[in-house]
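The values are calculated or read from the model by the stated rules, or taken from the named source; none is laboratory data. All figures in this text were calculated on a predicted structure; none of them were measured in a lab. Cβ atoms come from the backbone with ideal geometry, glycine included; neighbour counts cover every protein chain shown.
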Amino acid sequence: MAEDWQQGGFGLYIHWPFCEAKCPYCDFNSHVSRRIDQTAWRDAYLAELQRAADETPGRVLNAVFFGGGTPSLMDPDVVADIIAAIRRHWPTANDLEITLEANPGSVEAGRFTAYRQAGVSRVSMGIQALNDSDLKRLGRLHSAKEAMTAFDIARNTFERVSFDLIYGRQDQSAAQWEAELKQALSLAIDHISLYQLTIEQGTAFGDRYARGKLRGLPDEDLGADMFTLTQDICNDMGMSAYEVSNHARDGAQSRHNLIYWRYGDYIGIGPGAHGRLTLDGQKLATVAYSNPQRWLDGVAKGEAEKPRAAISRSEQATEFLLMGLRLKEGVDLARYADIAGHEIDEKAVDHLQDIGMAKREAGRLIVSDQGVIVLNAVIETLLP
């Protein structure tokens, strides 16, 4: 009998924790270090891959994602050794997707060619803005011209290229964002991730905001208008959303991200990496120690991960909704019932339908365009 995770797939996330600089909006586990022993890090990743493979023999791997940090700072030989080990450890899907995140400042043609030869099939570039003034405000090290040069190199090297943009930036008008987004979509891309600027506690922007020093941010109404504008423009240009912040042409959706949102299993390797792993019928939450040196030292002792936590059926059902309702395809209601042990609250679903926030369609629950704007409230309505 198939296990639930198989309906979402099986992926592998590898976290490279190092960056050239810490961006003021970033709350990811990233660190600036002048000296990195790439050989030591390669050996640690290989050891953790062996450990993970021993727990999951025979599973077909659908996707690999090198995230960070800035994985394009990894030596191509290190990436090649990791991918070779992955292929030894697991059978892989015929359409295995291997993505590597890159920042424009670390891109050069020879390096990208080496990544492609190592087995990387897709790159995701952190461009974030297409003008120099906003890039500087965001703390990015690259210029708009360097970003376009890097994009051209990526497009000429890989069949699949995605990049990120941040909107809702300081003093940005809806008209400015419309022009910038149309410029981005006019490039030869098949996938784009569009994120509203979020101010997170513990970041430089968060500290500035708390002191009243981060001015010019859009109010709630403008933010909602910019989100709606984003969907309209992307739809018109053939890049409809398949998830709240991710847009793609048909067939170009990120397979690795779909594993998350479809509530599959994924292994997380590297400092701070999270995972969801089903063993002996029990879904577990895994998380690695976040401090890079602590993680590196822990690998040698078999202690790179914090103690695992079993996820209850009710917690799994909540996670299933939190992830799956972000997708345009919504969630399978029969699968929800299998995970939760009970049917979804029909009165809550009826209420959401009545107010235009969601709909039932072919056994699925799908959040409407209006509902996506208040997705957290929609999910709260559905939770017991």
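For the range 100-111, the criterion of being surrounded by fewer than 21 Cβ atoms within 10 Å (Cβ to Cβ), in the same structural domain as Tyr45 (by TED's automatic domain parsing) and hydrophobic (A, V, I, L, M, F, W, C) is met by at least one residue.
Conditions (1) in contact (Cβ under 8 Å) with a residue 12 or more places away in the chain; (2) touching a Phe, Trp or Tyr at 6+ places or on another chain (Cβ under 9 Å); (3) outside the structural domain of Ile86 (by TED's automatic domain parsing); (4) surrounded by 15 or more Cβ atoms within 10 Å (Cβ to Cβ), marked per residue:
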| site | (1), (2), (3), (4) |
| --- | --- |
| Tyr266 | yes, yes, yes, yes |
| Ile269 | yes, yes, yes, yes |
| Leu277 | yes, yes, yes, yes |
| Val287 | yes, no, yes, yes |
| Leu333 | yes, no, yes, yes |
| Ile355 | no, no, yes, no |
| Val378 | yes, no, yes, yes |
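Total residues in the range 49-66 satisfying the condition of being closer than 29 Å to Ser33 by Cα and surrounded by fewer than 22 Cβ atoms within 10 Å (Cβ to Cβ): the figure is 4.
Among the conditions (1) touching a residue at least 40 places away in the same chain (Cβ under 8 Å); (2) part of a helix (DSSP H, G or I); (3) of a type in the set (A, V, I, L, M), the only one that Leu365 does not satisfy is (2). The residue that is nearest to Arg211 (Cα to Cα), counting only those in the range 172-200 that are out of contact with any Leu (no Cβ under 8 Å at 6 or more places or on another chain) and of a type in the set (S, T, N, Q), is Thr198. Just to be sure before I move on: is Ala300 outside the structural domain of Gly68 (by TED's automatic domain parsing), surrounded by 14 or more Cβ atoms within 10 Å (Cβ to Cβ) and not charged (D, E, K, R) in the structure I sent? It is false that Ala300 is outside the structural domain of Gly68 (by TED's automatic domain parsing), surrounded by 14 or more Cβ atoms within 10 Å (Cβ to Cβ) and not charged (D, E, K, R). Could you check the range 297-315 and list, in sequence order, the residues that are in a helix (DSSP H, G or I) and either hydroxyl-bearing (Ser, Thr, Tyr) or under 22 Å from Leu61 (Cβ atoms) (or both)? Of everything in the range 297-315, those that are in a helix (DSSP H, G or I) and either hydroxyl-bearing (Ser, Thr, Tyr) or under 22 Å from Leu61 (Cβ atoms) (or both) turn out to be Val299, Ser314.
Starting from the range 220-241, take each residue that is in contact (Cβ under 8 Å) with a residue 24 or more places away in the chain and within 22 Å of Gly330 (Cα to Cα) and list its partners that are surrounded by 14 or more Cβ atoms within 10 Å (Cβ to Cβ) and of a type in the set (S, T, N, Q), counting only C-beta distances under 7 angstrom and pairs at least six apart or across chains. Close Cβ pairs (under 7 Å, with a partner that is surrounded by 14 or more Cβ atoms within 10 Å (Cβ to Cβ) and of a type in the set (S, T, N, Q)) amount to Phe227/Gln196; Cys234/Ser240; Ala241/Gln231. The listed residues are Asp354, Asp297, Asp338, and the only one of them that is out of contact with any helix residue (DSSP H, G or I) (no Cβ under 9 Å at 6 or more places or on another chain) and farther than 30 Å from Asp232 by Cα turns out to be Asp297.
Taking the stated definitions as given, is Ala144 surrounded by fewer than 23 Cβ atoms within 10 Å (Cβ to Cβ), closer than 19 Å to Phe66 by Cα and small (Gly, Ala, Ser)? So Ala144 fails the test.
Among the residues making up the range 112-141, those that are at positive phi and surrounded by fewer than 20 Cβ atoms within 10 Å (Cβ to Cβ) are Gly119, Gly139.
Quick check: anything in the range 42-49 part of a loop (DSSP other than H, G, I, E, B), over 22 Å from Gly139 (Cα atoms) and at pLDDT 95 or above?
Within the range 42-49, the subset part of a loop (DSSP other than H, G, I, E, B) is none.
Checked against the condition, which is being part of a loop (DSSP other than H, G, I, E, B), over 22 Å from Gly139 (Cα atoms) and at pLDDT 95 or above, the range 42-49 yields no hits at all.
Close Cβ contacts (under 6 Å, 6 or more residues apart or on different chains) running from residues in the range 158-172 that are within 20 Å of Arg116 (Cα to Cα) to residues that are surrounded by 19 or more Cβ atoms within 10 Å (Cβ to Cβ) and among the basic types (Lys, Arg) comprise Arg160/Arg122.
Restricting the search to strands (runs of 3 or more DSSP E) fully inside the range 115-212 and requiring at least 1 residues that are farther than 16 Å from Leu100 by Cα and out of contact with any Lys or Arg (no Cβ under 7 Å at 6 or more places or on another chain) gives 160-167, 191-196.
Could you tell me whether Leu322 is modelled with pLDDT of 95 or more, under 15 Å from Gln6 (Cα atoms) and either surrounded by 15 or more Cβ atoms within 10 Å (Cβ to Cβ) or not hydroxyl-bearing (Ser, Thr, Tyr) (or both)? The answer is no for Leu322.
Would you mind finding the one in Ser240, Ser254 that is among the small types (Gly, Ala, Ser) and surrounded by 18 or more Cβ atoms within 10 Å (Cβ to Cβ)?
Details: Ser240 fails: surrounded by 18 or more Cβ atoms within 10 Å (Cβ to Cβ).
Ser254 is the lone residue from the list that is among the small types (Gly, Ala, Ser) and surrounded by 18 or more Cβ atoms within 10 Å (Cβ to Cβ).
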